[in-house]
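To keep things clear, I will list the structure first and then write my remarks on it.
The values are calculated or read from the model by the stated rules, or taken from the named source; none is laboratory data. Since we're looking at a predicted model, the values are computed, not measured. Here Cβ is always computed from backbone atoms with ideal geometry, including for glycine, and neighbour counts include all displayed protein chains. What goes into the accessible areas is simple: the full protein's heavy atoms, side chains included, and nothing from ligands, DNA or RNA. Shrake-Rupley method; radii C 1.70, N 1.55, O 1.52, S 1.80 Å.
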Amino acid sequence: IQVKKVEYNVSDEDVEHELMHMAEKNARLVSVEDRPVESGDITVIDFEGFVDGTPFEGGKGSDYPLTIGSDAFIPGGKAENHELTIGSNTFIPGFEDQIIGMKPEEEKEIKVKFPEEYFSANLAGKDATFKVKLHEIKKKEMPEINDELAKDISEFDTIEELKNSIKEKQEEQNKTRAKYETEDEVIKAVCEEAKVEIPSGMIETETDHMVQDINTRLSYQGMNIDQYLKMMNKTMDEFRAEYKEQAEIAVKSRLVLEAVGKEAGIEVKEEEISAKIKEMAENYGRKEEEVKDNPELVKYVGDSLKTEKTIDFLVENAKIK
(Lines give C-alpha, C1' and ligand atoms only; values in the text may rest on other atoms or scores of the structure.)
Protein backbone atom coordinates (compact mmCIF):
# COMPACT_ATOMS: atom_id res chain seq x y z
CA ILE A 1 0.00 0.00 0.00
CA GLN A 2 1.33 3.42 -0.98
CA VAL A 3 -0.01 6.71 0.39
CA LYS A 4 1.16 10.29 0.32
CA LYS A 5 2.77 11.70 3.44
CA VAL A 6 0.47 13.90 5.49
CA GLU A 7 2.20 16.79 7.22
CA TYR A 8 1.05 20.06 8.76
CA ASN A 9 3.40 22.82 9.82
CA VAL A 10 2.75 25.55 12.38
CA SER A 11 3.28 29.06 11.05
CA ASP A 12 3.85 32.28 12.97
CA GLU A 13 0.40 33.37 11.76
CA ASP A 14 -1.15 30.30 13.39
CA VAL A 15 0.45 31.18 16.73
CA GLU A 16 -0.56 34.86 16.48
CA HIS A 17 -4.15 33.88 15.62
CA GLU A 18 -4.42 31.69 18.73
CA LEU A 19 -2.79 34.37 20.87
CA MET A 20 -5.32 36.95 19.66
CA HIS A 21 -8.12 34.50 20.41
CA MET A 22 -6.83 34.10 23.96
CA ALA A 23 -6.49 37.87 24.35
CA GLU A 24 -10.04 38.38 23.09
CA LYS A 25 -11.36 36.17 25.88
CA ASN A 26 -9.67 38.58 28.28
CA ALA A 27 -11.05 41.67 26.55
CA ARG A 28 -12.97 44.27 28.57
CA LEU A 29 -16.48 45.37 27.57
CA VAL A 30 -16.91 49.14 27.55
CA SER A 31 -20.01 51.21 26.82
CA VAL A 32 -20.08 53.34 23.68
CA GLU A 33 -22.02 56.61 23.81
CA ASP A 34 -20.46 58.83 21.15
CA ARG A 35 -21.46 56.99 17.97
CA PRO A 36 -24.14 54.70 16.47
CA VAL A 37 -23.89 50.92 16.18
CA GLU A 38 -21.10 49.46 14.03
CA SER A 39 -20.39 45.90 12.91
CA GLY A 40 -18.70 43.98 15.71
CA ASP A 41 -20.48 45.88 18.49
CA ILE A 42 -22.42 44.13 21.22
CA THR A 43 -25.90 45.62 21.47
CA VAL A 44 -28.47 45.40 24.24
CA ILE A 45 -31.95 45.40 22.71
CA ASP A 46 -35.64 44.78 23.34
CA PHE A 47 -37.54 43.25 20.44
CA GLU A 48 -40.86 41.71 19.51
CA GLY A 49 -41.57 39.88 16.26
CA PHE A 50 -44.76 39.92 14.21
CA VAL A 51 -45.93 37.89 11.21
CA ASP A 52 -49.04 39.14 9.39
CA GLY A 53 -49.46 41.66 12.18
CA THR A 54 -49.60 39.00 14.90
CA PRO A 55 -46.84 38.20 17.41
CA PHE A 56 -45.45 34.80 16.44
CA GLU A 57 -45.19 31.98 18.93
CA GLY A 58 -42.02 30.46 20.24
CA GLY A 59 -40.29 29.17 23.30
CA LYS A 60 -37.57 26.91 24.64
CA GLY A 61 -37.76 23.51 22.93
CA SER A 62 -40.52 24.62 20.58
CA ASP A 63 -40.67 24.47 16.79
CA TYR A 64 -40.08 28.20 16.50
CA PRO A 65 -36.55 29.27 17.36
CA LEU A 66 -35.93 32.82 16.22
CA THR A 67 -32.23 32.34 15.66
CA ILE A 68 -30.58 30.17 13.03
CA GLY A 69 -27.55 28.00 13.75
CA SER A 70 -27.89 28.70 17.44
CA ASP A 71 -29.52 27.11 20.47
CA ALA A 72 -30.95 30.45 21.61
CA PHE A 73 -34.74 30.17 21.66
CA ILE A 74 -36.63 33.42 22.18
CA PRO A 75 -40.01 32.94 23.95
CA GLY A 76 -42.81 34.35 21.84
CA GLY A 77 -40.38 36.05 19.48
CA LYS A 78 -39.92 38.63 22.20
CA ALA A 79 -37.05 39.52 24.54
CA GLU A 80 -35.86 42.33 26.78
CA ASN A 81 -32.25 43.41 27.34
CA HIS A 82 -31.03 40.78 24.89
CA GLU A 83 -27.32 40.95 24.01
CA LEU A 84 -26.68 40.60 20.28
CA THR A 85 -23.25 40.80 18.65
CA ILE A 86 -23.59 42.53 15.30
CA GLY A 87 -21.96 40.39 12.62
CA SER A 88 -22.40 37.12 14.51
CA ASN A 89 -25.07 36.00 12.01
CA THR A 90 -27.09 34.34 14.76
CA PHE A 91 -30.33 36.12 13.92
CA ILE A 92 -32.49 35.91 10.81
CA PRO A 93 -30.55 37.18 7.74
CA GLY A 94 -30.90 40.95 7.42
CA PHE A 95 -31.81 41.57 11.06
CA GLU A 96 -28.35 42.47 12.35
CA ASP A 97 -27.54 44.68 9.33
CA GLN A 98 -30.50 46.92 10.14
CA ILE A 99 -29.31 47.43 13.73
CA ILE A 100 -26.19 49.15 12.33
CA GLY A 101 -26.57 52.92 12.55
CA MET A 102 -29.01 52.90 15.48
CA LYS A 103 -28.30 55.04 18.55
CA PRO A 104 -29.04 54.31 22.23
CA GLU A 105 -32.75 54.58 23.13
CA GLU A 106 -33.69 54.68 19.44
CA GLU A 107 -36.69 52.58 18.36
CA LYS A 108 -37.05 51.06 14.92
CA GLU A 109 -39.13 48.58 12.92
CA ILE A 110 -36.98 45.99 11.20
CA LYS A 111 -38.40 44.02 8.28
CA VAL A 112 -36.94 40.62 7.40
CA LYS A 113 -37.97 37.43 5.67
CA PHE A 114 -37.68 33.97 7.19
CA PRO A 115 -35.60 31.66 4.97
CA GLU A 116 -37.56 29.34 2.69
CA GLU A 117 -35.73 26.37 4.24
CA TYR A 118 -36.68 27.40 7.79
CA PHE A 119 -37.85 24.22 9.50
CA SER A 120 -41.03 25.78 10.92
CA ALA A 121 -43.66 25.60 8.18
CA ASN A 122 -45.59 28.39 9.96
CA LEU A 123 -42.68 30.80 9.50
CA ALA A 124 -40.73 29.53 6.47
CA GLY A 125 -40.64 32.14 3.72
CA LYS A 126 -42.83 34.56 5.70
CA ASP A 127 -42.21 38.29 5.95
CA ALA A 128 -41.71 39.42 9.53
CA THR A 129 -41.54 42.77 11.32
CA PHE A 130 -39.61 43.29 14.54
CA LYS A 131 -40.15 46.26 16.83
CA VAL A 132 -36.70 46.95 18.25
CA LYS A 133 -35.44 49.32 20.92
CA LEU A 134 -31.71 49.80 21.42
CA HIS A 135 -30.63 50.34 25.03
CA GLU A 136 -26.86 50.16 24.97
CA ILE A 137 -23.84 49.74 22.68
CA LYS A 138 -20.76 47.92 23.94
CA LYS A 139 -17.44 47.12 22.34
CA LYS A 140 -14.53 44.90 23.27
CA GLU A 141 -11.41 46.69 24.44
CA MET A 142 -8.50 44.39 23.65
CA PRO A 143 -5.62 44.13 26.14
CA GLU A 144 -2.06 44.81 25.06
CA ILE A 145 -0.11 41.76 23.92
CA ASN A 146 2.73 41.87 26.43
CA ASP A 147 4.29 40.02 29.38
CA GLU A 148 1.57 41.26 31.73
CA LEU A 149 -1.08 39.62 29.54
CA ALA A 150 0.89 36.37 29.54
CA LYS A 151 0.89 36.40 33.35
CA ASP A 152 -2.85 37.12 33.45
CA ILE A 153 -4.00 34.41 31.03
CA SER A 154 -1.40 31.67 31.49
CA GLU A 155 1.17 30.14 33.83
CA PHE A 156 3.99 31.87 31.94
CA ASP A 157 5.87 35.06 32.83
CA THR A 158 6.63 36.28 29.31
CA ILE A 159 4.76 36.50 26.03
CA GLU A 160 7.55 34.58 24.29
CA GLU A 161 7.13 31.66 26.68
CA LEU A 162 3.38 31.69 26.00
CA LYS A 163 3.96 31.74 22.23
CA ASN A 164 6.34 28.79 22.48
CA SER A 165 3.75 26.88 24.49
CA ILE A 166 1.05 27.63 21.90
CA LYS A 167 3.35 26.45 19.12
CA GLU A 168 4.16 23.20 20.95
CA LYS A 169 0.47 22.44 21.48
CA GLN A 170 -0.36 23.18 17.85
CA GLU A 171 2.48 20.98 16.66
CA GLU A 172 1.17 18.13 18.83
CA GLN A 173 -2.35 18.67 17.46
CA ASN A 174 -0.98 18.63 13.91
CA LYS A 175 0.86 15.36 14.56
CA THR A 176 -2.36 13.78 15.82
CA ARG A 177 -4.29 15.12 12.83
CA ALA A 178 -1.66 13.81 10.40
CA LYS A 179 -1.66 10.42 12.14
CA TYR A 180 -5.41 9.94 11.79
CA GLU A 181 -5.48 11.21 8.21
CA THR A 182 -2.65 8.82 7.28
CA GLU A 183 -4.56 5.96 8.86
CA ASP A 184 -7.69 6.91 6.92
CA GLU A 185 -5.74 6.98 3.65
CA VAL A 186 -4.18 3.56 4.35
CA ILE A 187 -7.57 2.02 5.21
CA LYS A 188 -9.08 3.56 2.08
CA ALA A 189 -6.25 2.15 -0.07
CA VAL A 190 -6.63 -1.34 1.41
CA CYS A 191 -10.40 -1.29 0.91
CA GLU A 192 -10.07 -0.17 -2.71
CA GLU A 193 -8.12 -3.36 -3.44
CA ALA A 194 -10.51 -5.61 -1.51
CA LYS A 195 -13.59 -7.33 -2.88
CA VAL A 196 -16.32 -7.93 -0.32
CA GLU A 197 -19.86 -9.18 -0.66
CA ILE A 198 -21.85 -7.24 1.91
CA PRO A 199 -25.34 -8.41 2.94
CA SER A 200 -27.87 -5.58 2.52
CA GLY A 201 -29.00 -6.08 6.12
CA MET A 202 -25.59 -4.98 7.41
CA ILE A 203 -25.81 -1.74 5.43
CA GLU A 204 -29.33 -1.09 6.70
CA THR A 205 -28.19 -1.64 10.29
CA GLU A 206 -25.23 0.71 9.83
CA THR A 207 -27.55 3.34 8.34
CA ASP A 208 -29.82 2.94 11.39
CA HIS A 209 -26.83 3.69 13.64
CA MET A 210 -25.93 6.78 11.58
CA VAL A 211 -29.49 8.15 11.70
CA GLN A 212 -29.64 7.56 15.47
CA ASP A 213 -26.31 9.32 15.93
CA ILE A 214 -27.52 12.34 13.95
CA ASN A 215 -30.77 12.40 15.93
CA THR A 216 -28.78 12.41 19.19
CA ARG A 217 -26.62 15.32 18.01
CA LEU A 218 -29.71 17.25 16.88
CA SER A 219 -31.25 16.80 20.33
CA TYR A 220 -28.40 18.86 21.81
CA GLN A 221 -29.62 21.74 19.60
CA GLY A 222 -33.25 21.38 20.66
CA MET A 223 -34.28 19.60 17.47
CA ASN A 224 -35.12 16.08 16.36
CA ILE A 225 -34.76 14.18 13.10
CA ASP A 226 -38.36 14.90 12.03
CA GLN A 227 -37.89 18.65 12.40
CA TYR A 228 -34.59 18.46 10.55
CA LEU A 229 -36.15 16.55 7.64
CA LYS A 230 -38.96 19.09 7.48
CA MET A 231 -36.44 21.93 7.40
CA MET A 232 -34.47 20.21 4.62
CA ASN A 233 -37.69 19.26 2.80
CA LYS A 234 -36.70 15.60 2.61
CA THR A 235 -38.31 12.27 3.42
CA MET A 236 -36.67 9.71 5.68
CA ASP A 237 -36.16 7.41 2.68
CA GLU A 238 -34.33 10.18 0.80
CA PHE A 239 -32.25 10.95 3.88
CA ARG A 240 -31.29 7.30 4.38
CA ALA A 241 -30.42 6.97 0.69
CA GLU A 242 -27.88 9.78 1.07
CA TYR A 243 -26.11 7.83 3.80
CA LYS A 244 -26.23 4.45 2.07
CA GLU A 245 -22.85 4.86 0.38
CA GLN A 246 -21.26 6.12 3.60
CA ALA A 247 -22.75 3.16 5.50
CA GLU A 248 -21.46 0.73 2.88
CA ILE A 249 -17.94 2.20 3.16
CA ALA A 250 -18.06 1.90 6.97
CA VAL A 251 -19.19 -1.74 6.85
CA LYS A 252 -16.65 -2.67 4.18
CA SER A 253 -13.84 -1.02 6.16
CA ARG A 254 -14.80 -2.92 9.28
CA LEU A 255 -14.98 -6.27 7.45
CA VAL A 256 -11.67 -5.69 5.65
CA LEU A 257 -9.89 -4.75 8.89
CA GLU A 258 -11.28 -7.88 10.55
CA ALA A 259 -9.96 -10.01 7.65
CA VAL A 260 -6.54 -8.33 7.72
CA GLY A 261 -6.30 -8.77 11.50
CA LYS A 262 -7.12 -12.45 11.19
CA GLU A 263 -4.68 -13.02 8.30
CA ALA A 264 -1.88 -11.17 10.12
CA GLY A 265 -2.51 -13.12 13.34
CA ILE A 266 -3.11 -9.97 15.36
CA GLU A 267 -4.21 -10.71 18.91
CA VAL A 268 -5.07 -8.71 21.99
CA LYS A 269 -3.76 -9.88 25.37
CA GLU A 270 -5.89 -9.97 28.49
CA GLU A 271 -3.60 -7.50 30.25
CA GLU A 272 -4.08 -5.02 27.38
CA ILE A 273 -7.86 -5.24 27.76
CA SER A 274 -7.54 -4.88 31.55
CA ALA A 275 -5.34 -1.78 31.17
CA LYS A 276 -7.84 -0.19 28.77
CA ILE A 277 -10.76 -0.99 31.06
CA LYS A 278 -8.90 0.58 33.99
CA GLU A 279 -8.26 3.69 31.92
CA MET A 280 -11.94 3.90 30.91
CA ALA A 281 -13.10 3.46 34.51
CA GLU A 282 -10.82 6.28 35.67
CA ASN A 283 -11.95 8.59 32.84
CA TYR A 284 -15.65 8.05 33.57
CA GLY A 285 -15.35 7.94 37.34
CA ARG A 286 -16.56 4.36 37.61
CA LYS A 287 -15.25 1.33 39.45
CA GLU A 288 -13.12 -1.03 37.38
CA GLU A 289 -15.27 -3.99 38.45
CA GLU A 290 -18.39 -2.32 37.04
CA VAL A 291 -16.85 -2.21 33.58
CA LYS A 292 -15.44 -5.74 33.81
CA ASP A 293 -18.88 -7.09 34.76
CA ASN A 294 -20.31 -5.87 31.42
CA PRO A 295 -19.50 -8.60 28.85
CA GLU A 296 -20.62 -6.48 25.88
CA LEU A 297 -18.38 -3.61 26.95
CA VAL A 298 -15.41 -5.93 27.50
CA LYS A 299 -15.93 -7.41 24.02
CA TYR A 300 -16.18 -3.90 22.55
CA VAL A 301 -12.88 -2.94 24.21
CA GLY A 302 -11.18 -6.05 22.87
CA ASP A 303 -12.51 -5.51 19.34
CA SER A 304 -11.48 -1.84 19.41
CA LEU A 305 -7.93 -2.68 20.53
CA LYS A 306 -7.65 -5.32 17.82
CA THR A 307 -8.80 -2.79 15.20
CA GLU A 308 -6.24 -0.25 16.47
CA LYS A 309 -3.48 -2.85 16.26
CA THR A 310 -4.56 -3.84 12.76
CA ILE A 311 -4.47 -0.23 11.59
CA ASP A 312 -1.01 0.21 13.16
CA PHE A 313 0.12 -2.94 11.32
CA LEU A 314 -1.13 -1.58 8.00
CA VAL A 315 0.50 1.85 8.49
CA GLU A 316 3.82 0.29 9.52
CA ASN A 317 3.84 -1.82 6.35
CA ALA A 318 2.66 0.95 4.01
CA LYS A 319 5.01 2.99 1.84
CA ILE A 320 4.65 6.66 2.82
CA LYS A 321 5.66 8.72 -0.21
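I'd like to check something: does segment 312-319 contain any residue that is open to solvent by less than 60 Å² (accessible area, probe 1.4 Å), at pLDDT 95 or above, under 27 Å from Tyr180 (Cβ atoms) and polar (S, T, N, Q)? I'd like the intermediate steps shown before the answer.
As a first pass, look at segment 312-319 and keep what is open to solvent by less than 60 Å² (accessible area, probe 1.4 Å): 314-315, 318.
With at pLDDT 95 or above added as a condition, the list becomes 314-315, 318.
Okay, now just the ones that are also under 27 Å from Tyr180 (Cβ atoms), so 314-315, 318.
Now drop any that are not polar (S, T, N, Q), which leaves none.
Checking segment 312-319: not a single residue is open to solvent by less than 60 Å² (accessible area, probe 1.4 Å), at pLDDT 95 or above, under 27 Å from Tyr180 (Cβ atoms) and polar (S, T, N, Q).
Quick one: Glu183 ticks every box in (1) open to solvent by less than 30 Å² (accessible area, probe 1.4 Å); (2) modelled with pLDDT under 95; (3) not small (Gly, Ala, Ser) except a single one, so which number is it?
(2)
For Pro143, only one of the following conditions fails: (1) under 30 Å from Val260 (Cα atoms); (2) touching a residue at least 24 places away in the same chain (Cβ under 8 Å); (3) not in a helix (DSSP H, G or I). What is its number?
Of the numbered conditions (1) under 30 Å from Val260 (Cα atoms); (2) touching a residue at least 24 places away in the same chain (Cβ under 8 Å); (3) not in a helix (DSSP H, G or I), the odd one out for Pro143 is (1).
Look through Ile203, Ile214 and report the one residue that is assigned to a helix (DSSP H, G or I), open to solvent by less than 70 Å² (accessible area, probe 1.4 Å) and closer than 25 Å to Ala189 by Cα. Outline the logic, then answer.
Working: Ile214 fails: closer than 25 Å to Ala189 by Cα.
Answer to the selection: Ile203.
Taking interchain pairs and intrachain pairs at least six residues apart, which have beta carbon atoms under 8 angstrom, with the first residue in segment 211-224 and under 17 Å from Thr235 (Cβ atoms) and the second basic (Lys, Arg)?
Hits for this filter: Val211/Arg240.
Would you check which residues across segment 189-199 are part of a helix (DSSP H, G or I) and either open to solvent by less than 90 Å² (accessible area, probe 1.4 Å) or modelled with pLDDT of 95 or more (or both) and list them? Steps first, answer last, please.
Going through segment 189-199, the residues part of a helix (DSSP H, G or I) turn out to be 189-193.
Listed by number, the residues that qualify are Ala189, Val190, Cys191.
Looking at segment 261-280, which of the residues that are of a type in the set (A, V, I, L, M) and part of a helix (DSSP H, G or I) is modelled with the lowest pLDDT?
Here is the first cut: in segment 261-280, the ones of a type in the set (A, V, I, L, M) are 264, 266, 268, 273, 275, 277, 280.
Still in the list and also part of a helix (DSSP H, G or I): 273, 275, 277, 280.
Working: Ile273: 94, Ala275: 94, Ile277: 92, Met280: 89.
Across segment 261-280, the extreme among qualifying residues is Met280.
Filtering segment 80-97 down to residues that are part of a strand (DSSP E or B) and at negative phi, which residue is most open to solvent (accessible area, probe 1.4 Å)? Break it down into steps so the answer makes sense when it comes.
Keep residues of segment 80-97 that are part of a strand (DSSP E or B), which gives 80-85.
If we keep only those that are at negative phi too, we end up with 80, 82-85.
Working: Glu80: 134, His82: 44, Glu83: 102, Leu84: 3, Thr85: 59 Å².
Here the answer is Glu80.
Only one of Val211, Val291, Val260 is under 21 Å from Tyr180 (Cβ atoms) and touching a Phe, Trp or Tyr at 6+ places or on another chain (Cβ under 9 Å); which?
Val260
Have a look at Asp208, Asp157 and point out the one that is over 29 Å from Val3 (Cα atoms), part of a helix (DSSP H, G or I) and open to solvent by 40 Å² or more (accessible area, probe 1.4 Å). Don't jump to the end; show me each part of the working.
Values: Asp157 fails: part of a helix (DSSP H, G or I).
None of the other options fit; the residue is Asp208.
Among the residues of segment 226-247, write down those that are open to solvent by less than 70 Å² (accessible area, probe 1.4 Å) and modelled with pLDDT of 90 or more.
Met236, Phe239, Arg240, Ala241, Tyr243, Ala247
If Glu258 satisfies all but one of (1) at pLDDT 95 or above; (2) among the acidic types (Asp, Glu); (3) under 24 Å from the mean Cα position of the chain (by Cα); (4) open to solvent by 60 Å² or more (accessible area, probe 1.4 Å), what's the number of the condition it fails?
In the conditions (1) at pLDDT 95 or above; (2) among the acidic types (Asp, Glu); (3) under 24 Å from the mean Cα position of the chain (by Cα); (4) open to solvent by 60 Å² or more (accessible area, probe 1.4 Å), Glu258 misses (3) alone.
Does segment 102-115 contain any residue that is in contact with a Leu (Cβ under 8 Å, 6 or more places away or on another chain) and on the phi > 0 side of the Ramachandran plot?
Yes, the conditions are met somewhere in segment 102-115.
Can you name the residue in segment 23-59 that is among the hydroxyl-bearing types (Ser, Thr, Tyr), outside any loop (DSSP other than H, G, I, E, B) and open to solvent by 30 Å² or more (accessible area, probe 1.4 Å) and is also nearest to Glu185 (Cα to Cα) among such residues? So that I can check it myself, show each step before the final result.
So the first thing to find is which residues in segment 23-59 are among the hydroxyl-bearing types (Ser, Thr, Tyr), and the list is 31, 39, 43, 54.
Filter once more, keeping what is outside any loop (DSSP other than H, G, I, E, B): 31, 43, 54.
Cutting the leftovers down to open to solvent by 30 Å² or more (accessible area, probe 1.4 Å) gives us 31, 54.
Working: Ser31: 52, Thr54: 55 Å.
Filtering first and then ranking leaves Ser31.
I'd like the residue in segment 2-22 that is in contact with a strand residue (DSSP E or B) (Cβ under 7 Å, 6 or more places away or on another chain) and open to solvent by 80 Å² or more (accessible area, probe 1.4 Å) and, out of all such residues, is nearest to Phe156 (Cα to Cα). Show your work before the answer.
Start the filter on segment 2-22 by keeping residues that are in contact with a strand residue (DSSP E or B) (Cβ under 7 Å, 6 or more places away or on another chain), which leaves 2-3, 5.
From the residues that got through so far, the ones that are open to solvent by 80 Å² or more (accessible area, probe 1.4 Å) too are 2, 5.
Working: Gln2: 44, Lys5: 35 Å.
Among those that are in contact with a strand residue (DSSP E or B) (Cβ under 7 Å, 6 or more places away or on another chain) and open to solvent by 80 Å² or more (accessible area, probe 1.4 Å), it is Lys5.
Are there any pairs with C-beta distances below 8 angstrom linking a residue in segment 39-56 that is over 10 Å from Ala128 (Cα atoms) to a residue that is among the hydroxyl-bearing types (Ser, Thr, Tyr), with the two at least 6 apart or on different chains, and if so which?
Qualifying pairs under 8 Å: Gly40/Thr85; Asp41/Thr85; Ile42/Thr85; Thr43/Thr85.
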